[in-house]
Structure formats: C-alpha cells, structure tokens
1. Quick one: compute a quarter of the convex hull surface over the Cα atoms of the range 93-212 and quote it in nm².
2. Grab the other residues whose beta carbon is less than 10 angstrom from that of Cys250, score K and R as +1, D and E as -1, and report the net.
3. Calculate log10 I(q)/I(0) of the range 100-142 for q = 0.17 Å⁻¹, where I(q) comes from the Debye formula with a single equal point scatterer on each Cα and nothing for solvent.
4. Could you tell me the center-to-center distance, by alpha carbons, between the range 120-163 and the range 213-277 in angstrom?
5. Taking the Cα-to-Cβ direction at Arg243 and at Gln120 and moving 7 Å from each Cα, how far apart do the two end points lie in nm?
6. Can you list, bin by bin at 10 Å, the percent of alpha carbon pairs in the chain, starting at 0?
7. Along the charge dipole of the chain, which of Leu33, Leu209, Ile177 sits closest to the positive end, that is, farthest toward it, with unit charges on the beta carbon of Lys, Arg, Asp and Glu (+1, +1, -1, -1)?
8. Just the number: Rg to Rh for the range 136-295, Cα atoms, Kirkwood Rh, two decimals.
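Just so you know, all these numbers are worked out from the coordinates, no wet-lab data involved. The model shown is predicted, which means the values in this text are computed figures rather than measured ones. FYI the Cβ positions are ideal-geometry reconstructions off the backbone, even for glycines, and counts take in every protein chain you see.
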Amino acid sequence: MAKNFINLGLIGWPLDHSLSPRIHQAALRELNLGGQYCLYAIEPNNIQDIAIENLLDHIANGEITGLNVTLPHKQIVLPFLASLTPSAARIGAVNTIFLEDGLLIGDNTDAAGFKNDLLQLPVEKNAPALVLGAGGAARAVVFSLVDLGYPVYIAARNPEKAERLASSFNNIANTPIQVLPFKEQSLAKISHEIGLLVNTTPLGMTPRLETCPWPEYLPLPAHACVYDLVYNPVDTLLIHRARQAGLPSCSGLGMLVEQAALAFERWTNHVAPRDVMKQAAQLACKTQTSQRIYK
Ligand code: NAP
C-alpha cells in the first residue's frame, strides 16, 4: 500500500446501514487523497475485546490512520486508549480514535457535531431545551446543551438512566437538569416553556417510519424549534408534524455530517469538504429509504 494511503474505518455492530463510508469516501475523492473507509463489524461477544485490541494495534503501528466507533462499542473502547479529549472524557464515550505522539487518543465529535449544527438554527437560547431519550446520543446532546447554557429537561422511559445522565452534567449546568417521565401528561405541563425539542430516541427511524416520540394527540410545543437526531429518513413523522405546525425543524443529517467532518479533519489535517459530504449523505439516505408513508 502507498505510504500516504489514508486508511479509515468504523467499528460497530451491526453496520449494514452505515452512511459513513459514502460520506468519507466522497471527502477523500474531493480532496484527491488516496484512501479508503472500511467497515469493521465486531459482534458484541466474549472475544470482542481481542478483535478491538487487534484493530487498535493497526492504528498504533500506522497501518490505519483513524477509526470511528459506533454502537455498541463507544464505551467498550475506553480501556484501550491512552487518553481522551476533554469532551470524550466528560461524555464518557468515544466515536473517533486517532494517534497523537504515538498514543491512541479517543475523541467524541458527536457533541461538537450537534452543537455546530444547532448553532445554524433559529433557537431561542434562554428558553429550556427538552431532550427525549437518555441513551448514548443523549449524553452528547445534553453535554452540548449545558455547555451552551441551555436550561435542560430530560424525558425518558427509564427514569434512573435519565437521573444518571443529569447527574453527569449537573456540575457544569447553569441550572439543575430536570428529569420527567416520558408521559403525555408530564410533557404537556412543560410544553409552553420549551424553546428547543430534541429527539434522541430511535422512534421514527427506518423501518419504523410510522412511530413518533411526541404523543399523537399533544400539540408540539408552540414556540419550539424541533431537532430530530434521526437522519434515516430525513423526513421523520416528527419533522413532518413540526413542519405542519409551522415550527422550524431539522433532521440529524447535519449532525451526522458535522461529526464526520470533525473526525476527518483530525485524521487528515485537511479542511473537510462539508458540502460534498452532505450531498453524499443525502444521496445515501435517499437510496436507503425505500418507503415513505406521508407527504
Ligand atoms: P441508544 O443509546 O440505544 O439510546 C436510545 C434512547 O432512546 C434510550 O434512552 C432508549 O430508552 C430510548 N428509546 C428507545 N425506544 C424508545 C421508545 N419506544 N420509547 C421511548 N424511549 C425509547 O441509541 P443512541 O445511540 O442514543 O441513538 C439514538 C438515535 O439517535 C438513533 O436513531 C441514532 O441513529 C440517532 N443518532 C444520530 C446521530 C447523528 O449524527 N445524527 C448520532 C448518534 C445517534 P431505554 O434506555 O429505556 O432503552
């Protein structure tokens, strides 16, 4: 392989529907960089650690330039890394690995990806944000929101998980993060205050296009901007309802592209061609979403 060949890839399971190869390969092509982006599907089992360690050895010896990490390995990789960037350490999860001064470093570009994309939107900053869900992506989102100074509510079906998430970030939050049940009645009570609604659950994602995280008979918060982390499809039922209610809205595609762009810049030291990466992501989404149920 040529000396300057840029070997990138993604660790996760399953990876069949990942858009990352198309996004990164488009960037490599646009910049005339020789390289590839491979999928490393590592099944979660009792030998996963060996597979992960082997792969990370290839970064350490320079054969692989860098890797992305997705579910379910974002936390599993932590013990194999020499150090974490401040945001990865604070979030407790890694989605990007690179080599610096011979050491394996873990970063989390989901948080900055969300933040940079959010800053493009017309959001009332003093009004509280309501985050639906308390999983891995919610950690990056809540971190970004408190970092930006938003008062934050978290509504989750698992209250203990939501409380743990809140307590991870309460010491950097201007106002204590409030947890509420993921129930129509609880959401209705605070709806009038909300300036930003963020869906971090997989509800609405292919193939369950008919699902929506917001209760069917409850109007969306009247003054909110709606941010749906789901990007496949780009037009989820939640986004469709936001548009019908005349609310500003956006899908997770911008965050997906921005987190990829930030990782690409870490690995290659080139400014990422974001427009080209976005076009590649949009095209890949269109070809993957075979069915739409509304419009
Ligand atoms: P995750 O760690 O599995 O978390 C999912 C969260 O949604 C959990 O809190 C889960 O609750 C909750 N949930 C799942 N089904 C639910 C239901 N029927 N009702 C209520 N809550 C439900 O997954 P993740 O990594 O955070 O990803 C979540 C979504 O964000 C996915 O669609 C993913 O594609 C998207 N995402 C997008 C980007 C982007 O760049 N745009 C980045 C990361 C993730 P329990 O804990 O009770 O199971």
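1. On the way: hull surface 36.5 nm².
Directional mean of the projected Cα hull area for the range 93-212 stands at 9.1 nm².
2. On the way: positive: none; negative: Asp117, Asp228.
Once all neighbours under 10 Å are counted, the net charge is -2.
3. -0.61
4. With the range 120-163 and the range 213-277 each reduced to a Cα centre, they are spaced 15 Å.
5. In this crude label model, Arg243 to Gln120 measures out at 1.7 nm.
6. Cα pair-distance distribution for the chain, in percent: 6, 28, 34, 23, 8, 1, 0.
7. Value computed over the given set: Leu209.
8. On the way: Rg = 16.6 Å, Rh = 16.9 Å.
Value, to two decimals: 0.98.
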